[in-house]
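Chemist: The structure that follows is given in the form of structure tokens.
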Amino acid sequence: MGKTPLKLKRRTAKPNTTHPMEAHPWSILVVDDDPDIHSVTRLILGRVEFMGRPLKLYDAFSAAEAKQVLIAQPDIAIVLLDVVMESDHAGLKLVKEIREEMGNSLVRIILRTGQPGQAPEESVIIQYQIDDYKSKTELTARKLFTTTITALRSYNHLLALEKNR
């Protein structure tokens, strides 16, 4: 009466292909001539995830640099943009280039200025195709987080609509 030994199947863990750090990140371009703004933005948003995807931050210290990044990285979801850089209205000129010359209507542009007098909120919202306007002094860590998440949500919805066309 010999019993046949039980064969045990060895369970191997399947690699988690949806691990957030392996997921395609959300690309965000920070455009500001002040290095401290880049550092603070990285500090606040560096570990943020949305929909299981991390954020990847790109830096540009002028409108010209930003344009090059946007050309090289067409999947930028958000541009956090200063107005006054190499000229008093460099950021606003960049918005027109993004929307008109580059034909990019999907990217969410958040104007973030330290000199609101250079770009009064009401006129900028009407004249330019920006998606949000924040004064640097009012943009706390919590507000930057909230603004970023709502912009990513909006971008994601627009991207889905575009793909379904």
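The values are calculated or read from the model by the stated rules, or taken from the named source; none is laboratory data. Quick caveat: nothing in here was measured; it's all calculated off a predicted structure. Glycine also receives a Cβ, built like all others from the backbone with ideal geometry; neighbour counts cover every protein chain displayed. Calculation scope for accessible area: heavy atoms of the full protein, side chains included, ligands and nucleic acids excluded. Shrake-Rupley method; radii C 1.70, N 1.55, O 1.52, S 1.80 Å.
Chemist: From Lys67, Lys56, grab the single residue that is in contact (Cβ under 8 Å) with a residue 12 or more places away in the chain and buried (at least 17 other Cβ atoms within 10 Å of the Cβ).
Modeler: On inspection, the qualifying residue turns out to be Lys67.
Chemist: Could we say that Asp75 is among the acidic types (Asp, Glu) and more than 16 Å from Gly114 (Cβ to Cβ) here? Give the derivation first.
Modeler: Details: among the acidic types (Asp, Glu): yes; more than 16 Å from Gly114 (Cβ to Cβ): yes.
Taking the combined requirement at face value, the residue satisfies it.
Chemist: Considering only residues that are open to solvent by less than 20 Å² (accessible area, probe 1.4 Å), within 25 Å of Pro120 (Cβ to Cβ) and hydrophobic (A, V, I, L, M, F, W, C), which ones fall in region 139-156?
Modeler: Those that are open to solvent by less than 20 Å² (accessible area, probe 1.4 Å), within 25 Å of Pro120 (Cβ to Cβ) and hydrophobic (A, V, I, L, M, F, W, C): Leu144, Ala151.
Chemist: Does any residue of region 131-138 turn out to be in a strand (DSSP E or B) and exposed (fewer than 15 other Cβ atoms within 10 Å of the Cβ)?
Modeler: Yes, the conditions are met somewhere in region 131-138.
Chemist: Can I ask one more? Could you say whether any residue in region 12-29 is part of a loop (DSSP other than H, G, I, E, B), at pLDDT 95 or above and under 22 Å from Ala160 (Cα atoms)?
Modeler: yes
Chemist: I would also like to ask the following. Given the structure, is Gln115 within 18 Å of Lys93 (Cβ to Cβ), modelled with pLDDT of 85 or more and open to solvent by 70 Å² or more (accessible area, probe 1.4 Å)? Give the steps one after another, and end with the answer.
Modeler: Working: within 18 Å of Lys93 (Cβ to Cβ): yes; modelled with pLDDT of 85 or more: no; open to solvent by 70 Å² or more (accessible area, probe 1.4 Å): yes.
Spelling it out, it is not the case that Gln115 is within 18 Å of Lys93 (Cβ to Cβ), modelled with pLDDT of 85 or more and open to solvent by 70 Å² or more (accessible area, probe 1.4 Å).
Chemist: What do you reckon, is Arg47 free of Cβ contacts under 8 Å to residues at least 40 places away in the same chain, surrounded by fewer than 17 Cβ atoms within 10 Å (Cβ to Cβ), in contact with a strand residue (DSSP E or B) (Cβ under 9 Å, 6 or more places away or on another chain) and closer than 17 Å to Leu29 by Cβ?
Modeler: In short, no.
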